[in-house]
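K.L.:
Below you'll find the structure I mean.
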Amino acid sequence: MPNNAERTYIMVKPDGVQRGIVGEIIARFEKRGFKLVALKMVHATKEHLEKHYADLAQKPFFPGLIKYMASGPVVAMVWEGLDAVKTGRMMLGATNPLASAPGTIRGDYALAVGRNICHGSDSVESAEHEIKLWFPEGTIQHTLSSAEWVFE
Ligand code: RTP
């Protein structure tokens, strides 16, 4: 049976917020058929971002990444639906906008890897971890009336 309730953590990074691309990103996920489960604006601390990006702590770009991510508010979201993690990553495009296909968010709106507008979980396990990290208060239960028109 397909998992129509897979969840992914999607975040509009500070550059996406400052450039006014939040609505465009939300619209793309809504129109694709995903369900918005949680959303909030957060000006994250460096300590919080170091937990989010713990896997990258040894990378040379890590200090710059943390500084950029802490430079302004982000929009933290949880989206739910069939294959939400993989489809979400496809919709974001490749990490480096140079390799992002036109039609993807980064392929349409970004030029530089260090200013690539958005984040999306790369596996179901990291999505669960990131959702707990960004939404420790939990999420609201609700059912969309469109569900039976989106899912089999
Ligand atoms: P994200 O976690 O933000 O969705 O990105 P990702 O999985 O596609 O890429 P990852 O390798 O986890 O890198 C996380 C973020 O670090 C920045 N980065 N900068 N200057 C650089 O060479 C470089 N490489 C990566 C990007 O903002 C990337 O999204």
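K.L.:
Would you confirm whether any residue within region 130-151 is touching a Leu at 6+ places or on another chain (Cβ under 6 Å), at pLDDT 95 or above and within 18 Å of residue 10 (Cβ to Cβ)?
P.N.:
Looking for residues that are touching a Leu at 6+ places or on another chain (Cβ under 6 Å), at pLDDT 95 or above and within 18 Å of residue 10 (Cβ to Cβ), one finds none in region 130-151, hence no.
K.L.:
Here's another thing I want to ask about it. Cβ-Cβ below 7 Å, separation at least six or inter-chain, first residue in region 86-112 and closer than 19 Å to residue 19 by Cβ, second of a type in the set (Gly, Ala, Ser) and assigned to a helix (DSSP H, G or I): which pairs?
P.N.:
Pairs found: 93/107; 97/107; 100/107.
K.L.:
Let me ask something else. In region 84-114, what count of residues is obtained for those that are among the hydrophobic types (A, V, I, L, M, F, W, C), surrounded by fewer than 20 Cβ atoms within 10 Å (Cβ to Cβ) and either within 25 Å of residue 64 (Cα to Cα) or out of contact with any helix residue (DSSP H, G or I) (no Cβ under 7 Å at 6 or more places or on another chain) (or both)?
P.N.:
The qualifying residues number 7.
K.L.:
Scanning for something in contact with a strand residue (DSSP E or B) (Cβ under 6 Å, 6 or more places away or on another chain) and modelled with pLDDT of 95 or more, does region 52-69 turn up at least one residue?
P.N.:
No.
K.L.:
Let me ask another. Sort through 24, 50 and tell me the only one that's within 25 Å of residue 108 (Cα to Cα) and out of contact with any Ser or Thr (no Cβ under 7 Å at 6 or more places or on another chain).
P.N.:
On inspection, the qualifying residue turns out to be 24.
The values are calculated or read from the model by the stated rules, or taken from the named source; none is laboratory data. Here the structure is a predicted model, which is why all the values come from computation and not from measurement. Don't worry about glycine lacking a Cβ; one is built from the backbone with ideal geometry, like all the others, and counts go over all protein chains shown.
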